[in-house]
1. Rank these for me by crowding, Glu41, Glu74, going from fewest to most other beta carbons within 10 Å.
2. In nm, to one decimal, how far is the Leu97 label point from the Ala43 one, both placed 7 Å along Cα→Cβ?
3. Normalising by the residue count of the chain, find the relative contact order in percent from Cα pairs under 8 Å and 6+ residues apart.
4. Which label marks the calculated value of Cα extents along the principal axes in Å, given the options (i) 105, 42, 15; (ii) 85, 38, 26; (iii) 35, 33, 26?
5. Quick one: if the Förster radius is 30 Å, what FRET efficiency do Arg21 and His109 give, using the C-beta to C-beta distance and rounding to 0.05?
6. Arranged by the count of other C-beta atoms within 10 angstrom, fewest first, what order do Asp5, Asp47 take?
7. What is the sum of charges around Leu42, taking Lys and Arg as +1, Asp and Glu as -1, for the other residues whose C-beta is under 13 Å from the C-beta of Leu42?
8. Give the long-range amide H neighbours of Ile18: residues separated by 5 or more places, or on another chain, with amide H under 5 Å away, using H modelled in the peptide plane at 1.01 Å from N.
Amino acid sequence: MRNADFRNLQAALLQAGIAPRHVQRLVLELREHHADIIDAELAAGRDRKSAEQIASVELGDPAEIVAAMQAYPELLSWERRYPRLAIIIYPLSCLALLPAVPVFIGVAHAPQVARWSVSLLFAGLVTASMLLLLPLSILLT
């Protein structure tokens, strides 16, 4: 398997509902096993291309790997195991985090927020001074 094949396998496993931690572990183990088979075949005197083909054949078809992983429900993510609970928890958690969004945005854009705050403060001071000076100018004239 090439790196693209491992990425496709990873995407297929995630789409099948396998928990990300299990997917990462499986792909890492398969990559290591693939490299070990290639090293063993190269040590046996085979060329690189045939060693990679043998390693890919020994690992098996990615569709079979996905089907084998789906056969174990304990490997599924909790959203796939409890979809009704996920339908309730996800919107509630988004609703609970909604008031914190301005804080996150403010922290992420602190220099711009500070600049606007100073600008608004200065504009408020100019407006207040003009409103104070206007009655004084009317009284003194």
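1. Details: Glu41 19, Glu74 7.
Least crowded to most crowded, the residues run Glu74, Glu41.
2. The answer from the label model is 4.7 nm.
3. It comes to 23 percent, rounded to a whole number.
4. Step by step, Cα extents along the principal axes in Å for this structure corresponds to label (i).
5. Step by step, r from the Cβ atoms, then E = 0.35.
6. Asp47, Asp5
7. On the way: positive: Arg46, Arg48, Lys49; negative: Asp36, Asp39, Glu41, Asp47, Glu52.
Its environment carries a net charge of -2.
8. Answer set, sorted by chain and number: Ser77.
Each reported figure results from applying straightforward, stated rules to the coordinates on display, with no laboratory input. Since this is a predicted model, take the numbers as computed values, not measurements. For neighbour counting, all protein chains shown are included, and Cβ atoms are generated from backbone atoms with ideal geometry for every residue, glycine included.
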